[in-house]
Amino acid sequence: MYALIILSLFVFLALAITLPQKYDYIVVGGGTTGLVVANRLSEDPKRTVLVIENGALGNSTLSSIPGNSGGINLAAMYDMHSAPVPNLGNQSFLVTVGNVVGGGSYVNGMQFDRGADADYDAWGELGNGDWDWNGLKPYFMKSNHFDAPHEDTIKAFGMTYDTKAYGDGPLKVSILGHYWSPNSVNKDTGMRSTSRTTYYDGIVSRKNLKLLPNTTVRNNQLSGS
């Protein structure tokens, strides 16, 4: 038996395409995590995967060019409201999220970092030891690799870095000249590195993978397991 991300009948908005009646896996949300999941699941050519994303296939330079990362690309964002927070007078707050293929990785500030060991060890103490630092580190390493900045940039800004903190994965990480921390950026192209460029663009040709952008899931009826 294989796990289904979301199973059975969906009601779609703006769905003007004929789809197969069944998929082995349906991933709702083609954001930072959804595209990674879809990539891994579709590695098996015998399994069909559908990704449904409310946002569009964004190609705006407001997001792709690192120098614009400090701005706000409203066209690629969606405003949600949090549940009331009891400790803050039951106020509800605006939560802005990525509304685009690639999700938050397409619109964030491109800072690439991890928490301290203790942050993840605290997760392990809640009952699942695999979620502590030692359990998660191999997967951190698997996801990315570090490209050293150009030599003239290193000298100009006095940069230091430790390549042992990175792995041999697909997400490209480097340091922009005017930043003090690593960035999710492709040094060779000078463009932002996102879950879309890293985990989707290179596998578009997979016949067992389908992406539906500009499509909203309004309801799901679960049956089976």
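Looking at the stretch 73-106 only, could you name the residues that are under 30 Å from S60 (Cβ atoms) and part of a strand (DSSP E or B)? M77, Y78, D79, M80, H81, L94, V95, T96, V97, G98, V100, listed by residue number. Y120 meets the stated requirement of being more than 16 Å from the chain's Cα centre (by Cα) and surrounded by 11 or more Cβ atoms within 10 Å (Cβ to Cβ).
Among residues belonging to the stretch 31-40 that are within 15 Å of G202 (Cα to Cα) and in contact (Cβ under 8 Å) with a residue 12 or more places away in the chain, point out the one that is surrounded by the most Cβ atoms within 10 Å (Cβ to Cβ).
Kept after step one, since they are within 15 Å of G202 (Cα to Cα), are these residues of the stretch 31-40: 35-40.
Checking which are in contact (Cβ under 8 Å) with a residue 12 or more places away in the chain leaves us with 35-39.
Details: L35: 28, V36: 19, V37: 18, A38: 26, N39: 20.
Step by step, filter the stretch 31-40, then rank; the result is L35.
Of the residues K22, K46, which single one is in a loop (DSSP other than H, G, I, E, B), exposed (fewer than 14 other Cβ atoms within 10 Å of the Cβ), among the basic types (K, R) and at pLDDT 95 or above?
On the way: K22 fails: at pLDDT 95 or above.
So the residue among K22, K46 that is in a loop (DSSP other than H, G, I, E, B), exposed (fewer than 14 other Cβ atoms within 10 Å of the Cβ), among the basic types (K, R) and at pLDDT 95 or above is K46.
Selection of the stretch 209-225 for residues being hydroxyl-bearing (S, T, Y) and not in a loop (DSSP other than H, G, I, E, B) yields only T216.
Against the criterion of being outside the structural domain of G55 (by TED's automatic domain parsing), of a type outside the set (A, V, I, L, M, F, W, C) and on the phi > 0 side of the Ramachandran plot, G103 does not qualify. In the set (1) surrounded by 13 or more Cβ atoms within 10 Å (Cβ to Cβ); (2) touching a strand residue (DSSP E or B) at 6+ places or on another chain (Cβ under 9 Å), the condition left unmet by D168 is number (1). Scanning the stretch 129-187 for residues that are over 22 Å from Y199 (Cβ atoms), among the hydroxyl-bearing types (S, T, Y) and either in contact (Cβ under 8 Å) with a residue 24 or more places away in the chain or assigned to a loop (DSSP other than H, G, I, E, B) (or both) yields a count of 5. Does any residue of the stretch 160-172 turn out to be under 14 Å from the mean Cα position of the chain (by Cα) and among the basic types (K, R)? Checking the stretch 160-172: at least one residue is under 14 Å from the mean Cα position of the chain (by Cα) and among the basic types (K, R). Looking across R206, R196, one residue alone is assigned to a helix (DSSP H, G or I) and not acidic (D, E). It is R196.
All of (1) surrounded by 13 or more Cβ atoms within 10 Å (Cβ to Cβ); (2) out of contact with any helix residue (DSSP H, G or I) (no Cβ under 9 Å at 6 or more places or on another chain); (3) over 22 Å from G103 (Cα atoms) hold for D162 with one exception: (1).
It is to be established whether one or more residues within the stretch 43-61 are basic (K, R) and either farther than 28 Å from N183 by Cα or in contact with an Asp or Glu (Cβ under 9 Å, 6 or more places away or on another chain) (or both).
yes
The values are calculated or read from the model by the stated rules, or taken from the named source; none is laboratory data. Note that the structure is a prediction, hence the values are computed from the model and not measured. Please note: Cβ atoms are built from the backbone with ideal geometry, for glycine as well, and neighbour counts cover all protein chains shown.
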